[in-house]
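To start, the structure under review is shown below, and the notes come after it.
The values are calculated or read from the model by the stated rules, or taken from the named source; none is laboratory data. Keep in mind the model is a prediction, meaning the values are calculated, not measured. In this analysis, Cβ positions are derived from the backbone assuming ideal geometry, glycine residues included, and neighbour counts consider all displayed protein chains. All accessible areas refer to the heavy atoms of the entire protein, side chains included, with ligands and DNA or RNA removed. Shrake-Rupley method; radii C 1.70, N 1.55, O 1.52, S 1.80 Å.
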Amino acid sequence: MSGAAFEVMTGSRRRRVALADYLDARCLERAAAEAYDWIKGLRHAVVDGQPLRRRFTFRGDSLWWFAEIYLHKEQRIAAIFRTLSALDALVTHERPDEVRLLQGERLTRLLAQRLFEARGVKYSGTRPSDGSRLELVRMEARAWWLHHAALASRLRARRPAAPARATVAAFVHRAFWRADTGEGSAEAYIGPVLDALERRVGREEVACVSLGPSSNFIARRWWHALRGPDDAGAIESYAPLARLSESRSLWRERYHMRRALWNSGELRQLSTIRGCDCWPIVRMELSGIALLQWPWSARAMDEAAAALDTLRPAAAVTYAEAGGWGRAVILECRRRGIRSIGIQHGFIYRHWLNYLHEPDEMRPDPANTQDAGFPRPSLTLLFDGYASEHLVGRGRFPPASLAVTGSARLDALVREARRLSGEDVTRARREAGCAPGETLVLVAAKHREAQHVLAPFVAGAAALPAVRLAIKTHPAETPDVYAGMAGARAMVTVLPSTAPLAPLLLASRAIVTMNSTVALDAAVLDIPALVIGLPNNLSPFVDAGIMAGADQASDASALARILYDEEFRQQLGRARRAFLARYRMDSDGRAADRAADAVLGGA
């Protein structure tokens, strides 16, 4: 939908409009909820006389758990609902006699033609080309390449995995782990927890098993799949070709699975969304599930099974328990009666489908005794009571399967903040370009996600006297992407992602964000936050009165109020402290130790 434009004709009036202008944040919220409901509903669709969840299994476990991840990750279903919402809003606001497409991608062209015709609006412009055959060829080529590259990578010589039993097997992503350091702290996400485990049971009793590509998605290239991992803890080193026989068998069934999905009358019927036939898009998504997702998922289960059989751990831990790799590991742990522990490593967004489950998903399939329900860990360790409440209410997790142990990353931030001197804070102000007498406001927001509200906010903030905005670059981006909105504004500084967070927080009068969890870090340090681009993932905290919200990003009054209205600041402070106490959002420096104790509790 990005960049889509139409010429709208009402009577004798003609004008060019951008489709994105008809989709505000509230429409995005509704579209996300509708996409979630649609995806979740597929598990009940009948395929070959059985519900989809029951029809497709691997070693008795339902492959539905991986199908929903694929649909959520690809975002094409969400794009359908977003685009239809925007098109409907265009019809409602403009009441056009005729609409002509000026530019737009294939999905927009297809949906525009069908929606306008369904709404009785004359439509003209480029008709959607039938690129399905080429898209299928590309998908099949990609599936073939990924499968055979994974097999070929095992031919590379590497040290054999240690056959000795480990007390704990930690499944970590290779892109965020350096095996050559020889200590748990080498893991970027849960390193402090692994370090605490090693202190308790000994380094040799904690086996790190690395998963996935060796580089993150930004640096990843197609040929990397051929290299194969060269670390001794690679999951591939536990699973020679002989251990992949079952997943290779499923690979050979991929076209039969696709055909069954395509031939389902109920899936075809569900593809009519808001009166528009979206089958060409849905058909491709079903192909991706059968050709890409399920063969990969089966191989991941084979590899996890081989690692668990070699290490025979008392407990297995991972911080990616809700994703594809995590679900594969948990399923194989459950099959072997091995205790599994998921460790929270970031904020759990309220619309993150990976953590949203319906009651029947958490229960075994009554007609398939081998399907024990969603592969949740035996125990999930969480930062705070807020995350626990979300998983119980929206994720349907049993309360006994959750434990609040705190955040080791927050502990590190608070520890650093307490060590800072007044001179350190002054230096942070100076490096942010803040002169004496100026008020520093820290802006922490991902440009790609928040650019539509960041630019108006920066422009509005420029009207406030002596206010210095310091924009901290998101780690996944570079400072130059913020240059356009900063422009030649004298009171805006763009800082690199490496700028230390703790001194910047202490130097700031307030922070401004859209979705960043820095707002929660600031809350623990008793620093107020202003949230722009509402509604978003921080909306619940604005609704609770612990953060301020700006309905219009360009309106500087919300920023002025949080900076200068002392009564309002005190009101926010009281609500913030009560909320943090209620949900145990705090730091005592012992989060990693509590997590290690919980991991070893049943070992």
Run the numbers for Arg95 and Ser249: contour at 0.36 nm per residue of separation, minus the present Cα-Cα distance, in nm. 49.9 nm
Would you mind counting up the charge near Pro313? Only other residues with Cβ under 10 Å from its Cβ, with Lys and Arg at +1 and Asp and Glu at -1. +3
Heavy-atom accessible area per residue of the range 1-92, all protein chains kept, 1.4 Å probe, expressed in Å², is 40 Å²
When you count, for each residue, the other Cβ atoms within 10 Å and take the mean per peptide, how do 519-532, 396-409, 362-375 rank with the highest first? 519-532, 396-409, 362-375
Toward the positive end of the charge dipole of the chain, about the Cα centre and with charges on Cβ (Lys, Arg +1; Asp, Glu -1), which of Gly373, Leu107, Gly487 goes farthest? Leu107
How about Lys446: which lysines have a C-alpha closer than 24 Å to its C-alpha, ignoring those fewer than 8 places off in the same chain? Lys73, Lys472
Charge dipole (debye, nearest 20) of the range 471-603; +1 at Cβ of Lys and Arg, -1 at Cβ of Asp and Glu: 180 debye
Counting only heavy atoms of the protein chains, get the accessible area per residue of the range 266-338 (1.4 Å probe) and round it to a whole Å² value. 24 Å²
Can you tell me how much longer the chain between Ala463 and Tyr349 gets when fully stretched, taken as 0.36 nm per residue apart minus their C-alpha distance, in nm with one decimal? 37.7 nm
May I ask you to order 468-476, 376-384 by the average number of other C-beta atoms within 10 Å around their residues, highest value first? 376-384, 468-476
With the 8 Å Cα cutoff and a minimum separation of six or more residues, the chain has a relative contact order in percent of 12 percent
Other-chain or far-sequence residues with amide H under 5 Å of Gly549's (modelled H): Val531
Which label in (i) 69; (ii) 60; (iii) 53 gives the computed percent of Cα pairs over 30 Å apart: (ii)
Of the residues His44, Leu525, His357, the Cα lying farthest along the dipole of the chain towards its positive end, which is defined by charges on the beta carbon of Lys, Arg, Asp and Glu, belongs to His44
Placing each pseudo-label 7 Å from Cα in the direction of the beta carbon, Ser421 and Asp480 end up separated by a distance in nanometres of 3.9 nm
Find how many whole Å separate the alpha carbon centroid of the range 465-509 from the alpha carbon centroid of the range 239-281. 46 Å
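Run lengths n ≥ 4 of DSSP H only: what is the helix-derived mean residue ellipticity at 222 nm for the chain, with -39500 (n - 2.57) per run over all residues, to the nearest 500?
Only helices count here, giving -13500 deg cm²/dmol.
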Ala32 paired with Leu151, simple spin-label distance in nm, labels 7 Å along Cα-to-beta-carbon: 4.1 nm
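Determine the share of the chain's accessible area contributed by carbon and sulfur atoms, expressed in whole percent, with a 1.4 angstrom probe.
51 percent
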Would you mind counting up the charge near Arg43? Only other residues with Cβ under 13 Å from its Cβ, with Lys and Arg at +1 and Asp and Glu at -1. -3
Suppose all protein chains stay in the model; what accessible area per residue would a 1.4 Å probe give for the range 464-603, in Å²? 41 Å²
What whole number of Å gives the distance from the Cα centroid of the range 136-154 to the Cα centroid of the range 536-588? 49 Å
To the nearest 20 Debye, how big is the dipole of the chain about its Cα centre, given +1 on the beta carbon of each Lys and Arg and -1 on that of each Asp and Glu? 1180 debye
Computed for the range 373-532: size of charge dipole around the Cα centre, +1 on C-beta of each Lys and Arg, -1 on C-beta of each Asp and Glu, debye to nearest 20, value 120 debye
Taking the mean number of other Cβ atoms within 10 Å as a proxy for protection, how do you rank 270-276, 542-548, 321-327 from highest to lowest? 321-327, 542-548, 270-276
Treat each spin label as a single point 7 Å out from the Cα along the C-beta direction, and report the Arg489 to Arg106 distance in nm. 4.0 nm
Farthest towards the positive end of the dipole of the chain, among Ile338, Ser407, Leu506 and with Cβ unit charges of +1 on Lys and Arg and -1 on Asp and Glu, lies the Cα of Ile338
